[in-house]
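Working notes for the structure below.
The values are calculated or read from the model by the stated rules, or taken from the named source; none is laboratory data. Treat the numbers as computed from the prediction; the structure is a model and nothing was measured. For neighbour counting, all protein chains shown are included, and Cβ atoms are generated from backbone atoms with ideal geometry for every residue, glycine included. Ligands, DNA and RNA are stripped out before the accessible areas are found, and what is left, the full protein with its side chains, is counted by its heavy atoms. Shrake-Rupley method; radii C 1.70, N 1.55, O 1.52, S 1.80 Å.
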Amino acid sequence: LSCCWFFRLLPKHKLHRRPTEPSHVDDIITEQDEQQPPRLDQESPHESRSEHTPQPEEDQVRPLHIVWPHRWEHDKHPELFFSTLIKLKERKLNFQLSVLGETFTDVPEIFCEARRQLDAHILNWGYLSGKDDYLRVLCEADVVVSTAKHEFFGVAMLEAVHCGCYPLCPKALVYPEIFPAEYLYSTPEQLCKRLQGLCRRPDVARRHVVKVDISSFSWSSLKERYDTLLAVEAQGP
């Protein structure tokens, strides 16, 4: 995946507000790259209703696009995420939804119910086997949400931020070490209120430049530090 190809994925509003530092997209470790593709004898769980890249004049009226790019397991707390979106729907707020990530044998029941209740809002649903397709959806999205109850680092969130998404994360786990306070929420009510505001003013998310230095997590930045650590370890006591 070349940097030029990556930048072509970005909508114009993301290109206009993107910092001028070099892109480290080729350094990103993509969780979806580590997944096994779906078995050939099974129907792929992914569906996409994205038909075209929005034009500049559409961008001012296009509904907020929310992405949830996490494993379909209970430790990611999908119940909180979907219950929040159902509240937004009940309040007649307009939004679009992409639910990505790896699925396993025991998928939480909330996914079936959420798909039924939020069907009219869904653009992408399920696993994406290719890195280019995965990054394309992240580039098209406006807001990325984590509702995790267990997280060591949060690679998917950083990937989405690299692709221009506005992050909303729990004020817990590793997130306060990476994300400034303005991107953190402490309660379900706070998450709902933040998303409600962005649904009403999607342009706020689209104009915002996220204050997270993604380049510090790239292999280009970390390589020398790893080389030093491994060299010391090889020398022994």
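Would you check if Gly130 is of a type outside the set (Val, Ile, Thr) and buried (at least 18 other Cβ atoms within 10 Å of the Cβ)?
no
Given the residues Ser220, Ser215, which is the only one that is part of a helix (DSSP H, G or I), open to solvent by 50 Å² or more (accessible area, probe 1.4 Å), in contact with a helix residue (DSSP H, G or I) (Cβ under 8 Å, 6 or more places away or on another chain) and farther than 26 Å from Phe82 by Cβ?
On the way: Ser215 fails: open to solvent by 50 Å² or more (accessible area, probe 1.4 Å).
Of the residues listed, the single one that is part of a helix (DSSP H, G or I), open to solvent by 50 Å² or more (accessible area, probe 1.4 Å), in contact with a helix residue (DSSP H, G or I) (Cβ under 8 Å, 6 or more places away or on another chain) and farther than 26 Å from Phe82 by Cβ is Ser220.
Could you identify the single residue in Leu198, Leu168 that is of a type in the set (A, V, I, L, M, F, W, C) and touching a Lys or Arg at 6+ places or on another chain (Cβ under 8 Å)?
Leu168 is the lone residue from the list that is of a type in the set (A, V, I, L, M, F, W, C) and touching a Lys or Arg at 6+ places or on another chain (Cβ under 8 Å).
If I filter the range 149-163 down to residues being open to solvent by less than 10 Å² (accessible area, probe 1.4 Å) and part of a loop (DSSP other than H, G, I, E, B), which single residue comes out as nearest to Lys76 (Cα to Cα)?
Gly154
Considering every residue within the range 96-111, establish whether at least one is without any contact (Cβ under 8 Å) to a residue 24 or more places away in the chain and β-branched (Val, Ile, Thr).
Among the residues of the range 96-111, at least one is without any contact (Cβ under 8 Å) to a residue 24 or more places away in the chain and β-branched (Val, Ile, Thr), which makes the answer yes.
Of the conditions (1) open to solvent by less than 10 Å² (accessible area, probe 1.4 Å); (2) farther than 16 Å from Pro167 by Cα; (3) assigned to a helix (DSSP H, G or I), Cys112 satisfies every one except a single condition; which number is it?
(1)
Looking only at residues in the range 77-92 that are among the aliphatic types (A, V, I, L, M) and open to solvent by less than 20 Å² (accessible area, probe 1.4 Å), which one is nearest to Ala160 (Cα to Cα)?
Leu85
Give the residues of the range 173-212 that are part of a loop (DSSP other than H, G, I, E, B), without any contact (Cβ under 8 Å) to a residue 40 or more places away in the chain and on the phi < 0 side of the Ramachandran plot, sorted by residue number.
Val174, Phe179, Pro180, Ser186, Thr187, Arg201, Lys211
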